[in-house]
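Peer 1: This is the structure I want to talk about, given as structure tokens.
The values are calculated or read from the model by the stated rules, or taken from the named source; none is laboratory data. In this text the structure is predicted, and so the values were computed from the model without any measurement. Note: ideal-geometry Cβ built from the backbone for every residue, glycine included; neighbour counts use all protein chains shown. Note: areas computed on protein heavy atoms with side chains; ligands, DNA, RNA excluded. Shrake-Rupley method; radii C 1.70, N 1.55, O 1.52, S 1.80 Å.
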Amino acid sequence: ICFLFLAALFLISFWLMGANERKNQREIYRLAYTDELTGLPNWEKLKKEAQQCLVSMTLAIIDTKDFNKLNAIAGREYGDQLLIRQARLLEQSIGENEYACRVRDDTFALYLQETSNTAFRLEQLLEKMSQVSDDFSLQIACGVTQVHPPEQLSGEVLGRSFSALRLDRTGRRLFVAC
């Protein structure tokens with residue numbers, strides 16, 4: 001009986017260690033692929049998901065102009081709340097097999113299926129993102145590029161979208177395709 005008790009105790013402790021290890025692995029994965037502030041996937045997670053895409057997609061890089069000035073005036077907590085609101089809008093705007101992520105700071109990315117209304121969808125989203133603050137007028141810019149399989153979300157593809165973003169200096173929620 002003592003042997004059975006010790007064996008059962010060993011098996012239970014072994015099972016608990018495995019459960020704890022699985023929990024730790026999930027936490028490591030979450031930390032590696034999730035933006036802590038917004039809860040959106042990060043750029044690395046988007047690249048990983050994009051590898052599964054077999055159709056042409058649109059990569060849109062979205063940036064709030066002069067966001068650092070807003071943070072300086074209204075405070076970082078206020079700015080963080082605006083980023084969270086923008087992230088929720090991005091999540092609501094994507095469909096099946098489409099992705100949203102936070103690239104860095106006030107920059108987000110959308111990976112959308114190419115359709116005849118992609119430009120219209122982006123324009124509507126950018127308008128909504130510019131209105132997340134009741135106190136400040138936000139100017140949103142967007143750089144867009146197409147990604148065709150087997151092309152991956154490499155630094156070159158990201159560079160094309162950022163180049164298009166820099167071309168949109170007006171901040172009038174226009175987007176430029178490269």
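Peer 1: Quick one: in the stretch 11-21, of everything that is at pLDDT below 70 and open to solvent by 100 Å² or more (accessible area, probe 1.4 Å), which residue is farthest from residue 84 (Cα to Cα)?
Peer 2: 14
Peer 1: From (1) open to solvent by less than 30 Å² (accessible area, probe 1.4 Å); (2) assigned to a helix (DSSP H, G or I); (3) aliphatic (A, V, I, L, M); (4) modelled with pLDDT under 95, pick out the condition that doesn't hold for residue 31.
Peer 2: Unmet condition: (1).
Peer 1: So which residues in the stretch 67-95 are open to solvent by 50 Å² or more (accessible area, probe 1.4 Å), of a type in the set (Asp, Glu) and more than 21 Å from residue 122 (Cβ to Cβ), if there are any at all?
Peer 2: 77
Peer 1: Out of everything in the stretch 96-121 that is open to solvent by 30 Å² or more (accessible area, probe 1.4 Å) and part of a helix (DSSP H, G or I), what residue ends up being nearest to residue 146 (Cα to Cα)?
Peer 2: 119
Peer 1: If you scan the stretch 26-40, which residues turn out to be free of Cβ contacts under 8 Å to residues at least 12 places away in the same chain and closer than 22 Å to residue 89 by Cβ?
Peer 2: Of everything in the stretch 26-40, those that are free of Cβ contacts under 8 Å to residues at least 12 places away in the same chain and closer than 22 Å to residue 89 by Cβ turn out to be 34, 36.
Peer 1: Of all residues in the stretch 122-150, count the ones that are in a helix (DSSP H, G or I) and buried (at least 19 other Cβ atoms within 10 Å of the Cβ).
Peer 2: 4
Peer 1: For the stretch 66-113, enumerate the residues that are under 18 Å from the mean Cα position of the chain (by Cα) and of a type in the set (D, E, K, R).
Peer 2: 80, 85, 88, 91, 96, 98, 102, 104, 105, 106
Peer 1: What are the pairs with Cβ atoms under 6 angstrom where one residue, in the stretch 129-153, is in contact (Cβ under 8 Å) with a residue 60 or more places away in the chain and closer than 20 Å to residue 87 by Cβ and the other, located anywhere, is open to solvent by 10 Å² or more (accessible area, probe 1.4 Å) and part of a strand (DSSP E or B)? Sequence gap at least six, or different chains.
Peer 2: If the second residue must be open to solvent by 10 Å² or more (accessible area, probe 1.4 Å) and part of a strand (DSSP E or B), the pairs left are 141/63; 142/175; 144/175; 144/177.
Peer 1: Still on this structure, please answer the following. Going by the conditions given, is residue 87 modelled with pLDDT under 95, of a type in the set (Gly, Ala, Ser) and within 23 Å of residue 153 (Cβ to Cβ)?
Peer 2: Spelling it out, it is not the case that residue 87 is modelled with pLDDT under 95, of a type in the set (Gly, Ala, Ser) and within 23 Å of residue 153 (Cβ to Cβ).
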